[in-house]
Every structure is written in C-alpha cells, then in structure tokens.
Amino acid sequence: MDTKREIEEIYEEIEAQTDRGAAIIAAAILDDALKSRLILTSNLSDRIFSYEKNGPLAQFSSKIDMTAATGLLPKETCDSMHLIRRIRNKFAHSIEPLKFQTKKSPLGF
C-alpha cells in the first residue's frame, strides 16, 4: 500500500464485493499490514506465519495481540482490529447469507 493508486484499487476491490467478500478482503489487508510492521527475513517469516508449521503468528488474532504487546499499535487500534477480526470470522464461517445492513444482525455486534 505504497501509492495513492494502490490504495484506490484496494477500495475499488472492496466496494465491488458482496458484504461477505468485503469483510474478508478488508481483514486480509489489515492482516498483511500487521506483517509489514515487522523486520523479517524470509526464513523467519515462514516460521512464524506458517499455518502448516503451526507458526505462533499464523492467526490474525495472534498478530493483533503481538502488535499490542510490543507497542507497535495503540490498544484502541488493536481493539478495533479484534472487532474487524470477529466480523470477518462471522462472514467467513457462516453459511447463512449475511449483510452489514441487517437490522437484527446475526453478526452479534
């Protein structure tokens, strides 16, 4: 996310999605942004982020907690990211059709 055009393309991609797709893509962008805050070699990145190797930071929630614990992001930002993570999980793991606009939201937020 270095240039204004890249950011515009991300917004365009999110806006083109269903609510489910938008929630999942937006969370993935934040997940990647957390990784970019760290100084990593490819070997270290593979070890700590790999799902197959049960890396300690493979899960989005672990990345958020680590950035909070190390002070890379303020607590309020991490709290917001956890809310986004929970919304993403509701969309990603529900077979029901979900929308952000639902009055009695099955999202539970």
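Within the range 69-89, count every residue that is free of Cβ contacts under 8 Å to residues at least 24 places away in the same chain and open to solvent by 50 Å² or more (accessible area, probe 1.4 Å).
Looking only at that region, the number is 11.
Quick check: is even one residue across the range 16-26 charged (D, E, K, R), out of contact with any Ser or Thr (no Cβ under 8 Å at 6 or more places or on another chain) and at pLDDT below 90?
Scanning the range 16-26 turns up no residue that is charged (D, E, K, R), out of contact with any Ser or Thr (no Cβ under 8 Å at 6 or more places or on another chain) and at pLDDT below 90.
Cβ-Cβ distance below 8 Å, separation of 6 or more or different chains: which pairs start in the range 25-42 with a residue that is farther than 18 Å from residue 87 by Cα and end on one that is assigned to a helix (DSSP H, G or I) and among the charged types (D, E, K, R)?
Qualifying pairs under 8 Å: 35/63.
Please pick out the residue among 50, 42, 62 that is surrounded by fewer than 16 Cβ atoms within 10 Å (Cβ to Cβ) and either of a type in the set (A, V, I, L, M, F, W, C) or under 17 Å from residue 88 (Cβ atoms) (or both).
62
The values are calculated or read from the model by the stated rules, or taken from the named source; none is laboratory data. Source: prediction; values computed, not measured. Positions of Cβ are generated from backbone atoms using ideal geometry, with glycine treated the same way; all protein chains shown enter the neighbour counts. With ligands, DNA and RNA removed, areas are computed over all heavy atoms of the protein, side chains included. Shrake-Rupley method; radii C 1.70, N 1.55, O 1.52, S 1.80 Å.
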